[in-house]
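Report on one structure; see the data block that follows.
The values are calculated or read from the model by the stated rules, or taken from the named source; none is laboratory data. Just so you know, these numbers come straight off a predicted model, no measurement behind them. Backbone-built Cβ (ideal geometry, glycine too); neighbour counts: all protein chains shown.
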Amino acid sequence: MTLAQKGRWTTLVGLVLLAAVYVRALAFTPIERTQGPAQKIYYIHVPAAIWTETAMILVGVASIFFLFLKDARLDSFAEASAEVGTAFATIVLTTGPIWGKPIWGTWWTWDARLTSTLFLFFLYIGYLLLRGAVADPGARARYAAVLGICGMVLVPFIHFSVYLFRTLHPMPIILKPSAPALPGSMLATWSVSFAVFTVLYVGFVMQRYALARARQEVPHA
Amino acid sequence: MPETFPHNAGYMVAAYTVAAVILVAYAVSLYRRTRNL
């Protein structure tokens, strides 16, 4: 079985498990009293946000090692992780405003967390456009690595922006120094959802990495 | 006294639908690009 086929099966398992997460979140997880059903958007928004940021960190780490080792596999992994991160960032930037409208009364506000996340999305797009615009493989990999490292540097700023600035965005409920501030059943649903998003990230990256490697071997594949 | 919640289930359904569409569309996109590998 090829890597692409393994990735395909992993993705399929992830999508089936995602359906189970939907059933658990929508039918078997309590409704939060003040926010109502819209609070359940949290179970898909936050796992997608964590993987949006983690994918960019992995792009940056792979890029640093690429600049030292010149191993094309690291460049392929960075390319794969960036594209998957873009897909997750799209989920974050669509589900966030859908939650914001009933809870904040507005689809969007230019606060630090939202604006920096939008900037990360544009960085992802820029990274992919850059890769498409540079014909020389060596130069493409070097330029992309530099941009990937810049993206990685942005991630801690995004995470800590809610502490550094006055923002409308809620403080972290899970990823904070103290224990998660969620009731047990909600935390279980969130944990399962996060695990499923992890499976999806792995499945997507396996396929996209296989595609990137194939294109390196046959440039017009 | 029964508990009352804000009536905003439509937003929840919209968000879950959007997320599913994005994930399935990306999975299909990857399948189409990698099926000949």
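Taking into account only those residues within region B:25-37 that are within 7 Å of another protein chain (Cβ to nearest Cβ) and within 16 Å of the chain's Cα centre (by Cα), which is farthest from residue A:19 (Cα to Cα)? Outline the logic, then answer.
Taking region B:25-37 as the starting set, the residues that turn out to be within 7 Å of another protein chain (Cβ to nearest Cβ) are B:26-27, B:30-31, B:33-34, B:37.
Still in the running and within 16 Å of the chain's Cα centre (by Cα): B:26-27.
Numbers: B:26: 16, B:27: 14 Å.
Per the criteria, the residue is B:26.
Going through A:31, A:91 one at a time, which residue ends up being under 21 Å from residue A:173 (Cβ atoms), among the aliphatic types (A, V, I, L, M), facing chain B (nearest Cβ under 7 Å) and buried (at least 23 other Cβ atoms within 10 Å of the Cβ)?
Numbers: A:31 fails: buried (at least 23 other Cβ atoms within 10 Å of the Cβ).
From the options A:31, A:91, the qualifying one is A:91.
Hey, does region A:160-167 have a residue that's free of Cβ contacts under 8 Å to residues at least 60 places away in the same chain, within 19 Å of residue A:88 (Cα to Cα) and under 19 Å from the mean Cα position of the chain (by Cα)? So that I can check it myself, show each step before the final result.
Filtering region A:160-167 for residues free of Cβ contacts under 8 Å to residues at least 60 places away in the same chain gives A:160-167.
When the remaining residues are screened for being within 19 Å of residue A:88 (Cα to Cα), the result is none.
Within region A:160-167, not a single residue is free of Cβ contacts under 8 Å to residues at least 60 places away in the same chain, within 19 Å of residue A:88 (Cα to Cα) and under 19 Å from the mean Cα position of the chain (by Cα).
Exactly one condition in (1) closer than 24 Å to residue B:23 by Cα; (2) at pLDDT 95 or above is not met by residue A:149; state its number.
Every condition holds for residue A:149 apart from (1).
Looking only at residues in region B:1-28 that are among the small types (Gly, Ala, Ser) and surrounded by 15 or more Cβ atoms within 10 Å (Cβ to Cβ), which one is modelled with the lowest pLDDT?
Kept after step one, since they are among the small types (Gly, Ala, Ser), are these residues of region B:1-28: B:9-10, B:14-15, B:19-20, B:25, B:27.
Among the residues that remain, those that are also surrounded by 15 or more Cβ atoms within 10 Å (Cβ to Cβ) are: B:9, B:14-15, B:19-20, B:27.
On the way: B:9: 94, B:14: 98, B:15: 98, B:19: 98, B:20: 98, B:27: 98.
Looking at residues that are among the small types (Gly, Ala, Ser) and surrounded by 15 or more Cβ atoms within 10 Å (Cβ to Cβ), I get B:9.
Kindly provide the set of residues from region A:164-186 that are part of a helix (DSSP H, G or I) and closer than 23 Å to residue A:122 by Cα, ordered by number.
At the first step, the residues of region A:164-186 found to be part of a helix (DSSP H, G or I) are A:164, A:184-186.
A:164 - this is the single residue of region A:164-186 that is part of a helix (DSSP H, G or I) and closer than 23 Å to residue A:122 by Cα.
When only residues in region A:55-88 that are free of Cβ contacts under 8 Å to residues at least 40 places away in the same chain and in a helix (DSSP H, G or I) count, which is nearest to residue A:193 (Cα to Cα)? Before you say what the answer is, go through the steps one by one.
Taking region A:55-88 and keeping what is free of Cβ contacts under 8 Å to residues at least 40 places away in the same chain, we get A:58, A:65, A:68-71, A:74, A:85.
Within this subset, residues satisfying the condition of being in a helix (DSSP H, G or I) are A:58, A:65, A:68-69, A:74, A:85.
On the way: A:58: 21, A:65: 31, A:68: 36, A:69: 36, A:74: 28, A:85: 17 Å.
So, considering only residues that are free of Cβ contacts under 8 Å to residues at least 40 places away in the same chain and in a helix (DSSP H, G or I), the one nearest to residue A:193 (Cα to Cα) is A:85.
Within region A:165-181, restricting attention to residues that are exposed (fewer than 11 other Cβ atoms within 10 Å of the Cβ) and hydrophobic (A, V, I, L, M, F, W, C), which residue is farthest from residue A:100 (Cα to Cα)?
Per the stated criteria, the residue is A:179.
Can we say residue A:144 is at pLDDT 95 or above, in contact with a helix residue (DSSP H, G or I) (Cβ under 6 Å, 6 or more places away or on another chain) and either of a type in the set (A, V, I, L, M, F, W, C) or not in a helix (DSSP H, G or I) (or both)?
Working: at pLDDT 95 or above: yes; in contact with a helix residue (DSSP H, G or I) (Cβ under 6 Å, 6 or more places away or on another chain): yes; either of a type in the set (A, V, I, L, M, F, W, C) or not in a helix (DSSP H, G or I) (or both): yes.
So residue A:144 fits the description; yes.
Among the listed residues A:7, A:14, identify the single one that is within 13 Å of chain B (Cβ to nearest Cβ), in contact with a Leu (Cβ under 6 Å, 6 or more places away or on another chain), in a helix (DSSP H, G or I) and surrounded by 16 or more Cβ atoms within 10 Å (Cβ to Cβ). First the steps, then the outcome.
Details: A:7 fails: in contact with a Leu (Cβ under 6 Å, 6 or more places away or on another chain).
Exactly one of A:7, A:14 is within 13 Å of chain B (Cβ to nearest Cβ), in contact with a Leu (Cβ under 6 Å, 6 or more places away or on another chain), in a helix (DSSP H, G or I) and surrounded by 16 or more Cβ atoms within 10 Å (Cβ to Cβ), namely A:14.
Can you say whether residue A:149 is away from chain B (no Cβ under 14 Å), touching a Pro at 6+ places or on another chain (Cβ under 6 Å) and not aromatic (Phe, Trp, Tyr), as far as the supplied structure shows?
Values: away from chain B (no Cβ under 14 Å): yes; touching a Pro at 6+ places or on another chain (Cβ under 6 Å): no; not aromatic (Phe, Trp, Tyr): yes.
Judged against the criteria, residue A:149 is not a match.
Looking for whichever is out of contact with any Pro (no Cβ under 8 Å at 6 or more places or on another chain) and surrounded by 13 or more Cβ atoms within 10 Å (Cβ to Cβ) here; the options are A:205, A:196. Which one fits? Reasoning before the result, please.
Working: A:196 fails: out of contact with any Pro (no Cβ under 8 Å at 6 or more places or on another chain).
Selected residue: A:205, the only one of A:205, A:196 that is out of contact with any Pro (no Cβ under 8 Å at 6 or more places or on another chain) and surrounded by 13 or more Cβ atoms within 10 Å (Cβ to Cβ).
What do you reckon, is residue A:115 out of contact with any His (no Cβ under 6 Å at 6 or more places or on another chain) and of a type in the set (Val, Ile, Thr)?
Details: out of contact with any His (no Cβ under 6 Å at 6 or more places or on another chain): yes; of a type in the set (Val, Ile, Thr): yes.
When the stated conditions are applied, residue A:115 passes them.
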